[in-house]
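Notes to accompany the following structure.
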C-alpha cells in the first residue's frame, strides 16, 4: 500500500511540476551601458550645456504575467560646459520602475513600458578651466529625487539570456552651489533628458 501511495505521489507531483514552474515569477539580473541626451539649462545667468554623458548600470527585475518591477543603479558621468568646461557632474540614480508587458512571458521579443521614481546621489568637481579662468574653488550639488518614463524590449537569445534595449526620459533637479573668492552662490540645475542603454539580462530558472 505504501508503495502505491508513493508511486501515486511521484506521478502527481511529476506531472504538476511544469505547471507549478509557470506559476512562479520571472526574476532576472542584468548589466547595461549607454549614453544620454540632455537639455541645456540657464544656471547663474549663464546657458549651461550637459555634454558627453556616459552611463553604466546594473538591474534586478521581477515579473508576473503582464506586470513587472525593476530596481536599478546607474553611474552617469557628464560635463557641464559654458564657453569652457566648468565641471564634471556624476549622478548615481537608484531607480524603481513599474513595467507593463503587453506580450506573454515566453515571447522571444518582449516589449514594455514603464513608470518610475529615483533617488539621485550627486557630486560635482570643478574643471581646471573653472579654477584658473573663473576663480571657482569648488562646487556642491544636493542629492535629488526624480521621475521617469521608459520604453524598451527584452530580446531572448536563449531561455536564460536576453539582450535588452531601454530608453527613459527622466526629470530631476538639484541645488548647485559654486564657491570662490570666499563667497558662495546657489542656483537650481535641471537635469532633464533621455537616457538610452543596451545590455544583457540573465533570467533565473523558475
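Just so you know, all these numbers are worked out from the coordinates, no wet-lab data involved. All figures in this text were calculated on a predicted structure; none of them were measured in a lab. Note that each Cβ is placed from the backbone with ideal geometry, even for glycine, and that neighbours are counted across all protein chains shown.
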inquiry  = Can you tell me the length gained on complete extension of the stretch residue 161 to residue 67, counting 0.36 nm per residue apart and subtracting the Cα distance?
reply    = 31.9 nm
request  = Would you mind checking the tilt of helix 2-23 against the longest principal axis of the Cα atoms of the chain, expressed as 0 to 90 degrees and rounded to 10?
outcome  = 30 degrees
ask   = Hey, what number do you get for the chain at 222 nm if only DSSP H runs of n ≥ 4 count, each worth -39500 (n - 2.57), divided across all residues, to the nearest 500?
value = -4500 deg cm²/dmol
request  = Please grab the % of Cα pairs in the range 61-104 that end up more than 12 Å from each other.
outcome  = 68 percent
task = Normalising by the residue count of the range 25-203, find the relative contact order in percent from Cα pairs under 8 Å and 6+ residues apart.
result = 22 percent
key: Those residues of the range 56-80 whose amide nitrogen sits under 12 Å from the label point placed on residue 33, 7 Å along Cα→Cβ   = 56-57
key: Largest to smallest principal axis extent of the C-alpha atoms in the range 104-187, angstrom   = 62, 23, 16
inquiry  = Between the range 20-59 and the range 137-206, how far is it from one alpha carbon centroid to the other, in angstrom?
reply    = 4 Å
ask   = Going highest first, how would you order 169-177, 59-67 by mean Cβ packing within 10 Å?
value = 169-177, 59-67
ask   = If the viscosity is 0.692 mPa s and the temperature 37 °C, what translational diffusion coefficient in µm²/s does Stokes-Einstein give for the chain when Rh comes from Kirkwood over Cα pairs?
value = 168 µm²/s
